[in-house]
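The values are calculated or read from the model by the stated rules, or taken from the named source; none is laboratory data. Everything quoted here is computed from the prediction, not taken from an experiment. Ideal geometry is used to build each Cβ from the backbone, glycine not excepted, and the neighbour counts take in all protein chains shown. Just so you know, the surface numbers come from the protein's heavy atoms only, side chains and all, with ligands and any DNA or RNA stripped out. Shrake-Rupley method; radii C 1.70, N 1.55, O 1.52, S 1.80 Å.
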Amino acid sequence: MRWRIHGEEEAWSSPWLSVRRLDVEQPDGGRVDYHAIRLSDVAAAVVTDAAACVLLMWRHRFLTDTWGWELPMGIVEPGESPAEAAAREVEEETGWRPGPLTGLIRSQPGAGIIDSTHHVFRTTSASYVGPPVERNESDRIEWIPLADVPGMITRHEIVSGITLLGLQQTLLTP
């Protein structure tokens, strides 16, 4: 049941995203014109503290015109490991430098159309280093009790896929 790519061309691109047109052979032998997005990998971090709180950002997503709580996250830059990207994003977006990061969970949120892998890391410590340098990322940065997260998800205050994945895995993993 393997699909095979016989050709691929770029329709449009930016430094971190490329829209592609692929010539694909399906398992039954049929050939189809298929469209896909090649997107840089994304890294995020669940930062918790001794009081069982998690570091979250309240932000607006203009594409969906929605507000929600999210983990610090961003694109993995060329030459950067996912863990390095997650640590960089936490510090840039929140002003907190995370302690040692360990892998928590990994996903491919749209494997049928997008080739990006989302890497989520976890740390149980962070130190404040100053105001965030990324001033366009969020309206508020807060330490939220992990016990509040299930209710926030139910109320649709947390809807970002990578944030949901990371927080739910954190709640499942002691």
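Worth a mention:
- Flag if Ala45 is under 30 Å from Ser125 (Cβ atoms) and of a type outside the set (Val, Ile, Thr): yes
- Of the residues making up segment 135-170, those that are of a type in the set (A, V, I, L, M), within 17 Å of Glu89 (Cβ to Cβ) and either open to solvent by 70 Å² or more (accessible area, probe 1.4 Å) or not in a helix (DSSP H, G or I) (or both) number 1.
- For segment 1-20, a tally of residues being open to solvent by less than 90 Å² (accessible area, probe 1.4 Å) and closer than 15 Å to Ile113 by Cα returns 6.
- Segment 1-47, residues that are under 28 Å from Val90 (Cα atoms) and among the small types (Gly, Ala, Ser): Ser13, Ser14, Ser18, Ser40, Ala43, Ala44, Ala45
- Screening Trp12 with (1) under 15 Å from the mean Cα position of the chain (by Cα); (2) of a type in the set (A, V, I, L, M, F, W, C); (3) more than 23 Å from Ala147 (Cα to Cα) gives one miss only, at (1).
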